[in-house]
Structures are given as C-alpha cells and as structure tokens.
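Report on one structure; see the data block that follows.
The values are calculated or read from the model by the stated rules, or taken from the named source; none is laboratory data. Predicted, not measured: the structure shown is a model, and the values here were computed from it. Positions of Cβ are backbone-derived with ideal geometry, glycine not excepted, and every protein chain shown enters the neighbour counts.
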Amino acid sequence: MSDEDDEEPAVTLGTETPVEGAPLARVTSRLTWPKEKSEIDRLEGDSVIRTPDGPRELSTVLEDVDETYFQRHQEFEAHVRTVIGTGPIPTADE
C-alpha cells in the first residue's frame, strides 16, 4: 500500500441524516406477486413507509387505493405513489 491510500477522501461524505419509515420498494420486495390488497394489508399493513408528507403506516395508505388486486409490484407501487405523491422525503432534522 502506498501513502496515498492513507489520505483523507477527496470528497467529504458528511453525517448520516436519519429518515423515518422504510422505502416503499423495501416493503414491496418482501412480498411475492401477484397479491390482493387485503393480503398486502395483512402482511405489511403495520409497516411505516416514507412519503413526502412524512412517515405513514401502509394500511392507512391502502385505504385510499381503489385497486384490489396487483399483478406486479410495479403496479402496486404506482397505485401507492398516486396516493402518497412523489417528491423529497423529509429528514428527521426538517
């Protein structure tokens, strides 16, 4: 190893900013597809997901989703994003 390997990184990485809730993709990756909305609610309804308005429990989001059956996780995520919106996720510091 050279002395250059011991130097500080060229870019300061900063501190980790906490974000409440799990990414929607993480929650949907734990499921197998196709899946009924009621089954998603039973299995993952108590999961808290990240939304632009702050963390929300998936079961409360599902109440506003009109579709009852999802062939693929992409279809499910699209319906959920219609309800929660898209945009920056607030951090715990905001």
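Filtered by the rule that a residue be loosely packed, with under 12 Cβ neighbours inside 10 Å and small (Gly, Ala, Ser), the range 42-94 gives 85, 87, 92. In this structure, is residue 75 over 15 Å from residue 21 (Cα atoms) and in a loop (DSSP other than H, G, I, E, B)? When the stated conditions are applied, residue 75 does not pass them. For the range 22-38, a residue qualifies if it is of a type in the set (Val, Ile, Thr) and either surrounded by fewer than 13 Cβ atoms within 10 Å (Cβ to Cβ) or in a loop (DSSP other than H, G, I, E, B) (or both), and exactly one does: 32. Exactly one residue out of 41, 46 is outside any helix (DSSP H, G or I) and modelled with pLDDT of 95 or more: that is 46. If you go through the range 33-76 and keep only what is closer than 27 Å to residue 88 by Cβ and either touching a Cys at 6+ places or on another chain (Cβ under 6 Å) or among the β-branched types (Val, Ile, Thr) (or both), you end up with 40, 48, 49, 51, 60, 61, 65.
Within the range 42-94, track down each residue that is among the polar types (S, T, N, Q) and over 12 Å from the mean Cα position of the chain (by Cα). Hits for the range 42-94 are 59, 60, 68, 71, 74, 82, 91.
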